[in-house]
Amino acid sequence: MSAMSFRSAVLSLIVASILVSGCANQKAWVYQAEPRISGTPILNKSVAVPPLVDQRENSNTNAALVYLIPLMPVGWQSLNTPEAVHGHMNSGLWLFKPTEDFAKAIAEELNNSSMFKEAFFTHRESEGELAIRGKVLSTKYDGYLFSYGLSVYGPLLWFFFFPATYVSNDLGLQLQLVDMKTQQVLWEESYKKEDGHVSIIYNLQPDFMYDTFLKDIMKEAIPSMKSKLSNPQAKQ
């Protein structure tokens, strides 16, 4: 191997390692709720939003470094609980607790909608006259690191605008609004959102799209809830 080839291989290995070893900056869950709307509540009751129930499969496959094997075109990650893995394709450690983070975001969205007297996050659903009971069904993360079968030399192609990574997420949630006095389910829906994107080395896209997915879910859930509560006899 020539000195130039050796330096190129080392550079490629360093760049790829930054992506898959968690050396990139850690990321934290951030969610921006819709602005508060002034209005008369549809149901003048308080809503407690406790942590959601985690029903995700507890298994992860991290084979990102397989890209180093000659003739292997990619390394990959297939993660059901992505927050448990310290390095991802485009970022490092992710500070995320979905059962609580989702619940806090849902509580803020409901409170800002002015649909109820108030909505708040709590660890005790009995603190509200109503409660949101939710389940996290999926936060699947699939990631691919492209080496084009060239092992440590593959990342050199990234500098020529070849795709470096591909990441996809899906989010599955089930939500219920329950009357705490009667235990009657006043509203319920299940949601699933998914998307993916390719990144080049000069413009790495986010590893995680769950904030966007939850925003889209709440934009559907709040009107659905309003419609159901305004017309309780209507079929869901």
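Sorting Tyr31, Tyr148 by solvent-accessible area of protein heavy atoms yields Tyr148, Tyr31, largest first, with a 1.4 Å probe.
A convex hull fitted around the alpha carbon atoms of the chain yields 122 Å³ per residue. In the complete set of protein chains, residue-level accessible area for Met89 is approximately 0 Å², probe 1.4 angstrom.
With the simple model of a label 7 Å out from the Cα in the direction of the Cβ, Val198 to Lys219 spans 2.6 nm. Would you tell me the accessible area of Tyr202, worked out with a 1.4 angstrom probe on the heavy atoms of the protein chains, in Å² to the nearest 10? The accessible area comes out at roughly 130 Å².
Treating the beta-carbon of each Lys and Arg as +1 and of each Asp and Glu as -1, no other charges, what is the dipole magnitude of the chain about its Cα centre, to the nearest 20 debye?
Numbers: 20 positive and 23 negative charges, 19 e Å.
Dipole about the Cα centre, nearest 20: 100 debye.
Here the simple spin-label model places points 7 Å from the Cα toward Cβ, and for Lys45 and Ser114 these points are separated by 2.2 nm. Against the chain, whose longest principal axis is taken from its Cα atoms, helix 98-113 shows a tilt of about 50°. Taking each of Lys97/Lys117; Lys140/Lys181; Lys27/Lys181; Lys27/Lys228 in turn, the alpha-carbon distance tops 31 angstrom for Lys140/Lys181; Lys27/Lys181; Lys27/Lys228.
The three principal axes of the C-alpha atoms in segment 48-91 carry coordinate ranges of 54, 20, 13 Å, sorted with the longest axis first.
Exposed loop trypsin sites (Lys or Arg not before Pro) only (DSSP loop, at most 11 other Cβ atoms within 10 Å): please give the longest stretch of the chain free of them, not including the sites.
Numbers: sites that count: Arg36, Arg124, Lys181, Lys235.
Longest site-free region, per DSSP loop and neighbour criteria: 37-123.
Ignoring aspartates and glutamates fewer than eight residues from Lys135 along the same chain, the ones with Cα atoms less than 12 angstrom from its Cα are Asp54, Glu100, Glu188, Glu189. Segment 87-159 and segment 43-58 have their alpha-carbon centroids 14 Å apart.
The values are calculated or read from the model by the stated rules, or taken from the named source; none is laboratory data. Bear in mind the structure is a predicted one, so any value in this text is a computation, not a measurement. With ideal geometry, Cβ positions are generated from the backbone for all residues, glycine too; neighbour counts draw on all protein chains shown. Side chains are part of the model used for accessible areas, which takes the heavy atoms of the whole protein and leaves out ligands, DNA and RNA. Shrake-Rupley method; radii C 1.70, N 1.55, O 1.52, S 1.80 Å.
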